[in-house]
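Derivation of every value follows stated rules applied to the coordinates shown; laboratory data play no part. In this text, all values refer to a predicted model and were calculated from it rather than measured experimentally. Cβ atoms come from the backbone with ideal geometry, glycine included; neighbour counts cover every protein chain shown.
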Amino acid sequence: MRSTTNSLVLEPATPEDVPAITELWFAAFTQPVIGKLFPNTPGMHQWHRDWHLDSFQTRPYQKYLRVVDTESKDEHGRPRLVAFGKWDLAMPDERGRRFPQWHADSPYQDCEDLITGLEAERKRVMGDQKHYYLDTLGTHPDYQRRGAGSMLVQWGCDLADKDGVAAYVDASKEGASLYQRHGFVDFSPSGAEVASMARAKKTA
Ligand SMILES: CC(C)(COP(=O)(O)OP(=O)(O)OC[C@H]1O[C@@H](n2cnc3c(N)ncnc32)[C@H](O)[C@@H]1OP(=O)(O)O)[C@@H](O)C(=O)NCCC(=O)NCCS
């Protein structure tokens, strides 16, 4: 599996990418509400790294992908990681709790309320219909609007179509139009901060 757009290349990510994925997440997710829940502190960086490493080790149904720029090198001389995505092929009850226990730097109840609300929306929209879940998508601000996000969304949509299943994402305002272009439809109640977006399974 490898797809290329100009110097941007989509590949599976590896546990060695976890530090870069974590740094990229903090660079990309600058929305105030996210910063309140996941403050940019050393403890939270460690929490993210531990979470992703644990997912690599214990959750094989969670697929981490990276987009690298082959024309730009990181501090180790490797192609720079400019975007990443995490597609979860499991249903919520197979997966269990999405996040580890919250870090002390996070406001516990606000995080619990957010995640409970997102899970309830996913259940309301998808019910028990088998679907793949776009858990996380982020492109470094230096690389946004160059098609990296689209490559990562396309990867999961192609897999969903091949496997004959639907797809779902909790979309930020920044991501909504990108998902729409890939066939996701917004099923949110009016005024929702996060869009509940689903993409129907492909019918023959
Ligand atoms: C949402 C996000 C992942 C999009 O990533 P991206 O790499 O910029 O995505 P793309 O480049 O594929 O598409 C984004 C836009 O750029 C446009 N675009 C793509 N290639 C382009 C190019 N070569 N030149 C100009 N515009 C381009 C797309 O048409 C799209 O426009 P639209 O959103 O108005 O439809 C990114 O903005 C991000 O990380 N945001 C912060 C974190 C976040 O909110 N993540 C989503 C959580 S659901």
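General observations
- Size of region 53-109 as Cα extents on the principal axes (Å, biggest first): 41, 30, 17
- Relative to the Cα centre, the charge distribution of the chain, modelled as +1 at Lys and Arg Cβ and -1 at Asp and Glu Cβ, gives a dipole magnitude of about 600 debye.
- Number of Lys pairs (Cα under 20 Å; 8 or more positions apart or on different chains) in the chain: 16
- Ordered by the count of other Cβ atoms within 10 Å of each Cβ, fewest first, C111, C157 give C111, C157.
- For region 135-178, the spread of Cα coordinates along the three principal axes comes to 35, 18, 16 Å, biggest extent given first.
- In region 48-162, inverting the average of 1/r over every pair of distinct C-alpha atoms gives 16.0 Å as the Kirkwood radius.
- Of L134, L65, L118, the one that fluctuates the most in a GNM where the chain has Cα springs shorter than 10 Å: L118
- Restricted to Cα atoms, region 114-204 shows a radius of gyration and a Dmax of 13.0, 40 angstrom.
- Across every pair of non-identical alpha carbons in the chain, the mean reciprocal distance, once inverted, gives a Kirkwood radius of 17.5 Å.
- Most mobile listed residue (K162, K63, K86) in the chain, GNM with C-alpha springs under 10 Å: K162
- When exposed loop sites are taken as GluC sites (Glu not before Pro) in a DSSP loop with at most 15 other Cβ atoms within 10 Å, the longest stretch of the chain clear of them is 76-192.
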